[in-house]
Amino acid sequence: MERLGGLDAMFLSCETPTMHMHVCGLLILDTATMGPGDPFDRITAMLEARLPGIAPMRHRLSTVPLNLGRPYWSDDPDLRVDRHLRRIVLDPPGDDRQLAELAGEFCSTQLRRDRPLWEMLLVEGLPDKRVALLVKMHHATVDGVTGANLMGQLFDLSPEGPPDEPHDAVAPLRPPNPFELLGRTFLDRLRAPADVVKLVPETIGRIGGAVWRAARGGGSERIAVPFTAPRTSFNASVSGRRSVAFVDVSLEEVKAVKQAVGATVNDVLTALVSSALRRYLTELGELPDRPLIAVEPVSVHGQAGAQHGTTQVSVMFTTLATHVADPLERLRSSVAADTQAKEFHEQLGADMLLQWTEHLWLNAFSLGAHLYSRFHGADHHPVVHNLILSNVPGPPIPLYFAGARLVGIYPLGPVMDGAGLNVTVLSQEDRVGFGIVACSTLVPDAWRIADAIPDALHEMAKAVRTADSA
């Protein structure tokens, strides 16, 4: 058996009936390269062959009695693909809007905890020999880095795949004994006070030092501070229902803009999201005169010292230039804000969040999360941040899933009370996919945000060309 990391356990504990802590993905697959046979059967056969080598897809939770400590992973004795993979056929015409509506329903249901925490839905009925695959995994089992590793185990570089290359099985994890779980938890609790005593002054020192250096350094953009975000219509307590939209843009066009102003790809993508949200809020008549604040997950794999667990991320707060009218100035403001946010985050240290989650009292944390959600706590204090914004670099090469070529990929992240919007971006080959998930009560039509993103890129590219010719 293998114990969950502190952040993994936190994602499980803070899940409520309205705040789901799973991550989803929408894959568009071209079956023209798949060869003969039913796509569902081919995908089933591929998964059956590879599951023994993919730990997150074969392990289920074993909880400590009375939930006194972090759970453990152990092998599922009844692991079967048919318990996790289903199929559905869309009614004609099988367009993107229908697919997004189905994806919203898929994102709205929680994973069962009596089996490995993943689920797939094959969607047929799309035009041009295409199918879609909706994938759902709990955040306790996957983050950006481990998700990329998982793609490496499920995808191939050619339609044929490696037929003669066996996939190594992961070491089996035996089911735990309840008394053993209690004994290990008791020993952990004995060590915890000494660790916390060391952690408190270290945390105070890091935060104080980072704030002092930021204040002395100045900068063109103010530092994004939690609880100072302006309130918008999507900053409230969330329901359990989700709305979804997706769109992609040309990676070449994004790179052309970045090169013209000396930015990074992430800077341009952040500016595009800022532009789309500016238009969306303007149309609603609620554009704030202050910038929105986004929280960005940051991978700290390889930087977290002795910390363990599947999910190893920190968070970075950054301002979005939604208050800037000129598209070129909006981009420059995004560059400055991202630079300052990264410097501040580095000064805080990569592992501070992970260290604190190692010492959570899960019962108390879970009770607090449920009470906060039930009594709509997010509606009664200043907004912590407006949305979650994540950018995940993807593979620049063609990939194949059970022989079908991947022609579109859109990540769909979680939303939370007080921040009912998530925009996650992932590049693949020559395009960049934006996956937009929102609480459907707060953002009934996520397509209004998605449709604004390509327009924002064209507007920004035009502004860059105009500035160059001036």
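One line per residue, one yes/no per condition, for (1) more than 27 Å from CYS439 (Cβ to Cβ); (2) touching a Phe, Trp or Tyr at 6+ places or on another chain (Cβ under 6 Å); (3) touching a residue at least 24 places away in the same chain (Cβ under 8 Å):
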| residue | (1), (2), (3) |
| --- | --- |
| CYS14 | no, no, yes |
| LEU27 | no, no, yes |
| ASP38 | yes, no, no |
| LEU47 | yes, no, yes |
| GLY53 | yes, no, yes |
| SER62 | yes, yes, yes |
| ASP76 | yes, no, yes |
| LEU79 | yes, no, yes |
| LEU99 | no, no, yes |
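Would you check which residues across region 400-415 are touching an Asp or Glu at 6+ places or on another chain (Cβ under 7 Å) and crowded, with 24+ Cβ neighbours inside 10 Å and list them?
ALA404
Condition (residue is buried (at least 19 other Cβ atoms within 10 Å of the Cβ), under 18 Å from ILE223 (Cβ atoms) and either among the small types (Gly, Ala, Ser) or at pLDDT 95 or above (or both)) applied to region 272-285: is it met by at least one residue?
Scanning region 272-285, I find at least one residue that is buried (at least 19 other Cβ atoms within 10 Å of the Cβ), under 18 Å from ILE223 (Cβ atoms) and either among the small types (Gly, Ala, Ser) or at pLDDT 95 or above (or both), so the answer is yes.
Identify, from the list VAL425, VAL437, VAL384, the residue that is surrounded by fewer than 21 Cβ atoms within 10 Å (Cβ to Cβ), in the same structural domain as GLU252 (by TED's automatic domain parsing) and under 18 Å from LEU292 (Cβ atoms).
Only one candidate qualifies: VAL384.
Before we move on, is SER220 in a loop (DSSP other than H, G, I, E, B) and at pLDDT 90 or above?
When the stated conditions are applied, SER220 does not pass them.
Could you list all residues from region 394-439 that are part of a loop (DSSP other than H, G, I, E, B) and farther than 19 Å from THR146 by Cβ?
Restricting attention to region 394-439, the residues satisfying the condition of being part of a loop (DSSP other than H, G, I, E, B) are 394-399, 402-403, 413-415, 417-418, 420, 429-430.
Correct list: PRO396, ILE397, PRO398, ALA402, GLY403, VAL415, ASP417, GLY418, GLY420, GLU429, ASP430.
Restricting region 286-319 to residues that are of a type in the set (A, V, I, L, M) and in contact with a His (Cβ under 7 Å, 6 or more places away or on another chain), which is modelled with the lowest pLDDT?
Residue satisfying both the conditions and the ranking: VAL298.
Looking at region 43-121, what strands (runs of 3 or more DSSP E) fall wholly within it and have at least 2 residues that are buried (at least 18 other Cβ atoms within 10 Å of the Cβ)?
Details: elements: 59-62, 72-75, 85-89.
Per the criteria, 59-62, 72-75.
Is there a residue in region 101-123 that is within 15 Å of TYR410 (Cβ to Cβ), in contact with a Phe, Trp or Tyr (Cβ under 7 Å, 6 or more places away or on another chain), of a type outside the set (Ser, Thr, Tyr) and without any contact (Cβ under 8 Å) to a residue 40 or more places away in the chain?
yes
Tally the residues that are farther than 26 Å from PHE106 by Cα and touching a helix residue (DSSP H, G or I) at 6+ places or on another chain (Cβ under 9 Å), restricting the search to region 72-95.
Final tally of qualifying residues: 1.
The values are calculated or read from the model by the stated rules, or taken from the named source; none is laboratory data. Treat the numbers as computed from the prediction; the structure is a model and nothing was measured. Because the Cβ atoms are built from the backbone with ideal geometry, glycine has one as well, and the counts that use them run over all protein chains shown.
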